[in-house]
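One structure is given here, and the rest of the page talks about it.
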Amino acid sequence: MGHRASSGDGGGGKQRRGTPGLIVTGLIFAAGALMVLPLKQIPLWCGTPLWFVAAALFGIWLRHNRGWVHLLILLAGALWMLLHASLVLRQQIASDDEGVDRQVLARVVDLPQVRTESTRLLLELEQWDSPRTRPARVLVNWRDAPTDLAVGSRWRMVLRLKRPNGFSNPGGFDYERWLFQRRIGATGYVRIAEPDQIAGGWSTLRDWPNRLRQGLDSRLQPVLADLPYGGLMRALVLGARDRIEPAQQALITRFGLNHLVAISGLHIGWMALLGMGLGRWLWSRLGRLPLRLPSPRAGALLALSWAVLYALLAGFSVPTQRALVMVAAALAGILWGRQSSPWAILALAFLAVLLADPLSLLGVGFWLSFWAVTVILWSLQGRQARGRAGSALRVQLALTIGLMPLLVVAFGRIPLGALAANLVAVPLFGLLVIPPLLLGVLVTLLVPALGAWLFVAVDLVLQALFAYVGLLDEWLPVTWFSGSGMGWTLFPALVGVLWLLAPRGVPGRLAGSLLLLPLLLNRPPGPEAGEFAVTTLDVGQGLAVLVETENHALLYDVGARFSDRFDSADAVVLPYLRSRGIEHLDRLIISHDDNDHAGALGPLVAGIAVGEIFAGQPKITGMRLPESTLQACFAGDTWQWDGVVFRVLSPPRGAAGKGSDNDRSCVLQISAPKGSALIPGDISATVERRLVRLYGDRLDADLLLVPHHGSHSASSWALLAHVSPVHGVVSAGYRNRYRHPAERVVQRYQQAGVVLHNTANQGAVRVTFSEKLQVQHHRSKQVGFWVRRGARAQACDGALC
């Protein structure tokens, strides 16, 4: 013990004593920043210099009162977040500039993402023709874009833009938060473009890392394009994941392998090791120079340089930043002959990332990255190594347990197959994927033919790995879906994880599992007997409606398939079903064969068990299941679930093949003692008149799903008079090209005294028929200043809103 205490210099002990203080400082600073996130609005004056001068003076006063130092750190975190958030809000497009052609001078600032239907570009606007605020960064799609778009090039463009907008649904991906975190002030598309001849040339020094990335991409693309896992290898080198095959990405997600694709400690560490080895070898052969600067320090300098270069090539994401800071701190210990504890290095990286960009707190990757390292360090605390295999098993088991709370809250799922997959994938990536891949990049720049062989070898390793993962996918229940955890359940779950993984000697470690139960067993309340709920999901210009009774679930339409990589089922419907704890659909009804109603049918049935499938047409285009499983939907079909009666009112029998697709929509009426609803699909006024003639006042319903998204061809006075709804819900896309709902249709509903709700403005709309009819808008429940606020979100009780 005496020898241990006296070894090393005094600075090492001082650093160890300072580690708890550094950790506490980072956590308090982050807490201050997190305090700002629930705000629904940030006054723009928060970003003015006068406000920060006043805050600085208050900070100076606090600093002279030592007991208030933690409050000072808390205040600093909140102010730092307020400053960055207010600056981003100032640079968002004004509503008057939405949907208007704007002439701009734009610069390409990131790698173009080439897709089947268009090219996606991140642009910085340097000039534009509006007197209002110019958004600094915009994300646009460009059809028929040139194939040689260069990062840093300037273009004269005509853009049509809108405010940052995304689907707003429980359990779904928050696209608006993602855009805000990246400081994107508008999205849209290119109408006209030509290279700028006056400003010309290349732009600022800031573009050179991405220009370097694009140059390397162009060198690697001819080699990687023909390899089955070329897109994955490109992601591992450049941090650009847009060319990973969808099937490969699905396996990566299901088995918790995303941390291997996100360039982080494993990747940066290997690059640093290559630099260290090469630097020491070269420096030791340079005569008397090693006498002035020892080879280990020279190797550390080259290792740091290579790590920084790799981080820049990878796009400098949050996991990359964290890994780079930690590697840099470890290398600094070699350069200065001092060692820091891993906890101090982690806390330093945490603070450095927050200071560089406090908006990184908005990203799930930030928390997963730092929590994963925390779990690894905690699981190894106070334990002696039992060989590499034993340590690897302990770490993977700890990560499987430790990441569980965050994965449930963020994604509503736990990858049960992660342990079996990672035990093989991590050593393979560490030994046979990352090192030869990085070596292949270096060799390709010098001897392209030899580099190509290295890439082929890596591809064979990846093929073998994914064949193994594919077998796991067939034989194991690889994913357990949980209802999205409530916010209050997260903190006790994290404490429970740390308790479970605590070092030996900590009493009652197994009791920590009890703190996980509220998170894992939490299920949102559902309807009781005789009650039902109708949720119109925000799927843009389309339709997807979930009807829940006490023990059953019915889905009416599935939304659109937008591309081969993006559809409403995977993006909206399935995440929402999982957030509700629904693992099986008793019945699926496809109103008719239009993409905005039936396009995502294939991904939907691949993602959840479905009982019976009915449709208003005998065939559905592009359906990924046998036609024998599809039953025709006809008027007169009736069934009852949990005291709730379902009736199909249209199409009539014998109408197959007659009329337009829209008019063959399956019209569904739902009745219960607590209320009733009518879901008419895309029928026109012609079918509405027929329904009025056949059913008259029996069409009466408290809730009407507005026919055909509010088109002027539907919602006739005759239908409104006989349905006499209290509430109407429009499922439409924000600023859609059809301009649904039509203005005269909206006026018609207002004149009829109907309270109208629009998913484009209010997100998912949930109507619960219980003792009181209740209406909830998801946008009104969302916290965060980044959320687009449409028409006043209302909480409705009975007929009053």
C-alpha center-to-center spacing [the range 754-783, the range 545-575] in angstrom: 18 Å
Probe 1.4 Å - accessible area at PHE466, Å² to nearest ten: 10 Å²
Rounded to the nearest 10 Å², the accessible area of HIS740 at probe 1.4 Å: 30 Å²
Charge-dipole axis of the chain as Lys and Arg at +1 and Asp and Glu at -1 on Cβ define it, positive-most pick from LEU125, ALA145, PRO209: PRO209
Over the range 110-149, equivalent-ellipsoid semi-axes from the Cα gyration tensor in Å: 23, 10, 9
Estimated vicinal HN-Hα couplings, Hz - the range 293-306 in sequence order (Karplus 6.51, -1.76, 1.60; Gly, Pro = x): 9, x, 4, x, 6, 5, x, 5, 5, 5, 4, 5, 4, 5
Of LEU79, LEU543, VAL223, farthest towards positive along the dipole that unit charges on Lys, Arg, Asp, Glu beta carbons give the chain: LEU79
Alpha-carbon centroids, the range 675-724 and the range 64-106: separation in whole Å: 47 Å
Distant-in-sequence amide H partners of ASN758 (H built 1.01 Å from N, under 5 Å): VAL730
Karplus-derived 3J(HN,Hα), 6.51/-1.76/1.60, for each residue of the range 733-747, Hz, glycine and proline x: x, 5, 6, 5, 6, 7, 6, 7, x, 5, 4, 5, 5, 4, 4
FRET efficiency estimate (nearest 0.05) - Cβ-Cβ, GLN750 to SER341, R0 60 angstrom: 0.35
Highest to lowest packing among 758-767, 276-285, scored as the average C-beta count within 10 Å: 758-767, 276-285
Length-normalised contact order of the chain in % [C-alpha pairs under 8 Å, at least 6 apart]: 9 percent
Surface per residue (accessible, 1.4 Å probe) for the chain, Å²: 46 Å²
Per-residue ³J(HN,Hα) for the range 99-109, Karplus 6.51 cos²θ - 1.76 cosθ + 1.60, θ = phi - 60°, Hz, x for Gly and Pro: x, 10, 5, 10, 8, 9, 10, 10, 10, 6, 10
Förster-model FRET efficiency, 35 Å R0, TRP717 and GLU550, C-beta, rounded to 0.05: 0.45
Percent of beta bridges antiparallel (DSSP, the chain, rounded to nearest 5): 75 percent
Sulfur and carbon atoms: percent of accessible area, the range 392-507 [1.4 Å]: 81 percent
Built amide H within the under 5 Å cut-off of SER153, gap 5+: VAL108
Sparsely packed trypsin sites (Lys or Arg not before Pro) within the range 364-470, loop by DSSP, other Cβ within 10 Å at most 14: ARG383, ARG386
Carbon and sulfur %, accessible surface of the range 646-696 computed with the full protein complex present, 1.4 Å: 53 percent
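Under a point-charge model restricted to the Cβ atoms of Lys and Arg (+1) and Asp and Glu (-1), what is the dipole moment magnitude of the chain relative to its Cα centre, in debye to the nearest 20?
3120 debye
Estimate the FRET efficiency between HIS584 and LEU397 by the formula 1/(1 + (r/R0)^6), using the beta-carbon distance for r and 30 Å for R0, to the nearest 0.05. Mind dumping the intermediate values first?
Numbers: r = 31 Å, r/R0 = 1.03.
Calculated transfer efficiency: 0.45.
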Label assignment, mean projected area of the Cα convex hull in nm² derived from the structure, set [x] 37.8; [y] 44.8; [z] 40.2: [z]
Extension reserve of the LEU83-ARG183 stretch, reckoned as 0.36 nm per residue once the Cα distance is removed: 34.7 nm
Mean ellipticity per residue at 222 nm, deg cm²/dmol - from DSSP H runs of n ≥ 4 across the chain, formula -39500 (n - 2.57): -13500 deg cm²/dmol
Exposed GluC sites (Glu not before Pro) absent - longest run of the chain, DSSP non-H/G/I/E/B, at most 14 other C-beta within 10 Å: 118-527
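Could you put MET233, MET326 in order of accessible surface area, largest first, with the 1.4 Å probe and the full protein assembly present?
So the residues, ranked largest to smallest area, are MET326, MET233.
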Length gained when the stretch SER513-TRP208 is fully extended (0.36 nm per residue, less Cα-Cα span): 104.8 nm
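The values are calculated or read from the model by the stated rules, or taken from the named source; none is laboratory data. Every value quoted in this text rests on a predicted model; they were computed, and no experiment measured them. Please note: Cβ atoms are built from the backbone with ideal geometry, for glycine as well, and neighbour counts cover all protein chains shown. When the accessible area is computed, the model is the full protein with side chains, heavy atoms only, and any ligands, DNA or RNA have been set aside. Shrake-Rupley method; radii C 1.70, N 1.55, O 1.52, S 1.80 Å.
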